[in-house]
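A.B. asks: Just dropping this structure here.
Read the figures in this text as sums done on the coordinates, not as results from a lab. This is a predicted model, so every value here is computed, not measured. Here the Cβ is made from the backbone with ideal geometry for all residues, glycine too, and neighbour counts use every protein chain on show.
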Amino acid sequence: VISEDLCTKYKLNGDPADKVDVVFVPLNFNEDEIDDFEVNIIPKAVNTLTSVEPFKSSQEKFNFYFVKKSFSAGDCWRNDCNTIVKKYGAACPNRDELMGLSKGMAGGYAWNHIGVSGILDNSDDFNNYVLLHEFGHSFGALYHEGTVVANYEYDLPRIPNCDYNGCPKWCSGNFVYD
């Protein structure tokens, strides 16, 4: 069992029952870097998510927390990182979205309310677009449009940003070209 003492409130906008509770989990930071994670990385992550639409005009709908302990994830990928993020994210009893922030990882991945976003080694070079991109997968269940092919057609009703040929979710299927 992970101690709830590790869960640190960063920015609360109200009752967790009425908000989307986002928890950041540090991956591959040394213990002596946790203060830097709290002072520099968490504010940048929250600012990144709340500085663009649709999150900018909905900031009050989110609470932000982080786990104040570093976890070594090495070069974990997908399920290995997800296991670590889920395990230690459980320190925060209110958690709708879990995002691991991994030092030294340039990319990321996310799906189904859990994700990992890379942070380059220099905290001044925070990879904003990767975090936004991965949060879109996790929170919005968005797919890469280019990867949805016939193999994923069974998922299309659940994927908000992708559609069958003819685009019935988004239009009548009758394209008008100017």
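A.B. asks: For the range 1-49, name all the residues that are part of a strand (DSSP E or B), loosely packed, with under 14 Cβ neighbours inside 10 Å and aliphatic (A, V, I, L, M).
C.D. replies: Residues of the range 1-49 that are part of a strand (DSSP E or B), as a first pass: 7-11, 20-27.
With the extra rule that they be loosely packed, with under 14 Cβ neighbours inside 10 Å, the set shrinks to 9.
Answer for the range 1-49, where residues must be part of a strand (DSSP E or B), loosely packed, with under 14 Cβ neighbours inside 10 Å and aliphatic (A, V, I, L, M): there is none.
A.B. asks: Something else: Just one of the numbered conditions (1) closer than 22 Å to Gly104 by Cα; (2) of a type in the set (Ser, Thr, Tyr); (3) in contact (Cβ under 8 Å) with a residue 12 or more places away in the chain is not true of Thr83; which one?
C.D. replies: Only one criterion in (1) closer than 22 Å to Gly104 by Cα; (2) of a type in the set (Ser, Thr, Tyr); (3) in contact (Cβ under 8 Å) with a residue 12 or more places away in the chain is unmet by Thr83, namely (3).
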